1. Being within 23 Å of His105 (Cβ to Cβ), part of a helix (DSSP H, G or I), among the basic types (Lys, Arg) and out of contact with any Ser or Thr (no Cβ under 9 Å at 6 or more places or on another chain) is the requirement here; does Arg75 meet it?
2. Give Leu63, Leu22, Leu48 a once-over and let me know the one that is in contact with a Lys or Arg (Cβ under 8 Å, 6 or more places away or on another chain) and either among the hydroxyl-bearing types (Ser, Thr, Tyr) or under 27 Å from Ser2 (Cβ atoms) (or both).
3. Suppose we keep only residues that are aliphatic (A, V, I, L, M) and at pLDDT 90 or above within the range 68-88. Which one would you say is most open to solvent (accessible area, probe 1.4 Å)?
4. Has the range 55-63 got any residue that is closer than 30 Å to Glu120 by Cα and in contact (Cβ under 8 Å) with a residue 12 or more places away in the chain?
5. Is it the case, given these coordinates, that Glu70 is within 22 Å of Pro10 (Cβ to Cβ) and acidic (Asp, Glu)?
6. When residues of the range 1-18 are filtered for being under 16 Å from the mean Cα position of the chain (by Cα) and closer than 19 Å to Glu60 by Cα, how many remain?
7. Could you list, ordered by first residue, the pairs with Cβ atoms under 9 Å in which the first is in the range 115-127 and in contact (Cβ under 8 Å) with a residue 12 or more places away in the chain and of a type in the set (Phe, Trp, Tyr) and the second is assigned to a helix (DSSP H, G or I) and open to solvent by 60 Å² or more (accessible area, probe 1.4 Å), at least 6 apart or interchain?
8. Report the residue count in the range 5-24 for those that are in a helix (DSSP H, G or I), surrounded by fewer than 15 Cβ atoms within 10 Å (Cβ to Cβ) and in contact (Cβ under 8 Å) with a residue 24 or more places away in the chain.
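The values are calculated or read from the model by the stated rules, or taken from the named source; none is laboratory data. Keep in mind that this is a model prediction, so the values were computed, not measured. Here the Cβ is made from the backbone with ideal geometry for all residues, glycine too, and neighbour counts use every protein chain on show. Surface areas here come from the heavy atoms of the whole protein model, side chains and all, with no ligands, DNA or RNA. Shrake-Rupley method; radii C 1.70, N 1.55, O 1.52, S 1.80 Å.
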Amino acid sequence: MSTYVLRYFPIKARAEVARILLLASGDKFTNVIPDWPEEKDNQPLGQLPVLIETLEDGTEFELSDSIAIEKYLARKSGLLVKTGPMDTAREDQLSSQIKDVIDMHIAHMYAPEDSREFIESQYKSKAEAFV
């Protein structure tokens, strides 16, 4: 059975869906918080999150980009649909909506106080359409 390392900042944002997928599948994983920005150049694509899978034979597979990581983990767990292009498109739509909501959450957390009201209105509109 593979083991995983998930590198990300100590916040709930772009790596959260990957964490949920790893927990739901029962896979063993370790959260690693890299020294940032010192370790930025050591990351594939120079960004986080990064997933490192160690296979039983010791081979490592490294993947960057939250959406790619999510799809990889979901596919490995058998959670992606296999019923055709329309269902796959809906799956992609849901994935994009989740990313939009997470991006708005991050923007709200780090935005100047005077722009938070606008971000909240965008968030509410997206969340209402999502649900």
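1. Working: within 23 Å of His105 (Cβ to Cβ): no; part of a helix (DSSP H, G or I): yes; among the basic types (Lys, Arg): yes; out of contact with any Ser or Thr (no Cβ under 9 Å at 6 or more places or on another chain): yes.
Answer is no for this residue.
2. Working: Leu63 fails: in contact with a Lys or Arg (Cβ under 8 Å, 6 or more places away or on another chain); Leu22 fails: in contact with a Lys or Arg (Cβ under 8 Å, 6 or more places away or on another chain).
From the options Leu63, Leu22, Leu48, the qualifying one is Leu48.
3. Residues of the range 68-88 aliphatic (A, V, I, L, M): 68-69, 73-74, 79-81, 86.
Next, from what is left, pick out any that are at pLDDT 90 or above: 68-69, 73-74, 86.
On the way: Ala68: 38, Ile69: 1, Leu73: 6, Ala74: 11, Met86: 158 Å².
Looking at residues that are aliphatic (A, V, I, L, M) and at pLDDT 90 or above, I get Met86.
4. Kept after step one, since they are closer than 30 Å to Glu120 by Cα, are these residues of the range 55-63: none.
Checking the range 55-63: not a single residue is closer than 30 Å to Glu120 by Cα and in contact (Cβ under 8 Å) with a residue 12 or more places away in the chain.
5. On the way: within 22 Å of Pro10 (Cβ to Cβ): yes; acidic (Asp, Glu): yes.
The answer is yes for Glu70.
6. If we filter the range 1-18 for residues that are under 16 Å from the mean Cα position of the chain (by Cα), which is where we start, we get 4-18.
From the residues that got through so far, the ones that are closer than 19 Å to Glu60 by Cα too are 4-8, 18.
Of the residues in the range 1-18, 6 are under 16 Å from the mean Cα position of the chain (by Cα) and closer than 19 Å to Glu60 by Cα.
7. Matching pairs, first to second residue: Tyr123/His105.
8. Here is the first cut: in the range 5-24, the residues in a helix (DSSP H, G or I) are 16-24.
Narrowing further to those that are surrounded by fewer than 15 Cβ atoms within 10 Å (Cβ to Cβ): 20, 23-24.
With the extra rule that they be in contact (Cβ under 8 Å) with a residue 24 or more places away in the chain, the set shrinks to 24.
Summing the residues that are in a helix (DSSP H, G or I), surrounded by fewer than 15 Cβ atoms within 10 Å (Cβ to Cβ) and in contact (Cβ under 8 Å) with a residue 24 or more places away in the chain in the range 5-24 gives 1.
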